[in-house]
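Bear in mind these aren't lab numbers, they're just calculated from the coordinates by the rules spelled out. Only a predicted model underlies this, so the values are computations on that prediction, with no experimental measurement involved. Cβ atoms come from the backbone with ideal geometry, glycine included; neighbour counts cover every protein chain shown.
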Amino acid sequence: MNTLVVFYSLEGNTKIIADILTEELDSDCIELKPDKEIPKGGLTKFFWGGKSVLFHEKPDLVNDLPDMDEYDTIFIGTPIWASSYAPPIASFLDKVSIKNKKLAFFACHAGGGADKCFDKLKSALSENTVIGTITFTDPAKEEKDKIKASVKHWLHEIT
Ligand SMILES: Cc1cc2nc3c(=O)[nH]c(=O)nc-3n(C[C@H](O)[C@H](O)[C@H](O)COP(=O)(O)O)c2cc1C
């Protein structure tokens, strides 16, 4: 099984999950980076990030993306932004062709919106099979061992 973990993380929460997955799966991993990152601090991130989602922006990515046909299973991770996936994920989906794959989605949020986000990902990637989804509430604030155990339990269920 050839597996890819691909994710975006503004403030490190989604990266925590992606790193655990990459280690447990011994997979390739791509951290998507927009060429211009929105400001992280304070409330301005909600303004710029929210605007970017609402206007369906697809920021340029600095990443070189491999051919998705190298993989049969792809884990896609995102923070929830305005009940959707973050714009760099939209850029990724626009740049690659993903068909007939097994997909798993992981998302981090501060309280809600993951169901809508997963529905959007499922409809954008409808020619694939979704094997599982998981969410975390700001895992950077949680105990690392607890988070790792949840990820491992989920992997055991879906793989
Ligand atoms: C622009 C923006 C919009 C957000 N929208 C939501 C939301 O709709 N629902 C929610 O629960 N959290 C929302 N959040 C909070 C993040 O999803 C949450 O803090 C997440 O863990 C951040 O992941 P990261 O550290 O990987 O960037 C939003 C954060 C930002 C910056």
GluC sites (Glu not before Pro) lying in DSSP loop within the stretch 58-143, provided at most 16 other Cβ fall within 10 Å: 127, 142, 143
Mean Cα-pair separation over length for the chain, i.e. relative contact order, pairs under 8 Å, 6 or more apart, %: 25 percent
DSSP H segments from the chain that extend 24 Å or more along their own axis, Cα-based, with Kyte-Doolittle mean of 0.5 or above: none
Alpha-carbon centroid distance for the pair the stretch 88-104 / the stretch 25-60, whole angstrom: 16 Å
Check: the stretch 3-158 dipole with +1 on Lys, Arg Cβ and -1 on Asp, Glu Cβ, in debye: 620 debye
All-pairs Cα distance distribution in the stretch 3-158, expressed in whole percent, bin size 10 Å: 11, 44, 37, 9, 0
Along principal axes, Cα extents of the stretch 56-148, largest first, whole Å: 36, 27, 25
Simple spin-label estimate for residue 93 and residue 35 in nanometres, 7 Å along Cα-Cβ: 2.3 nm
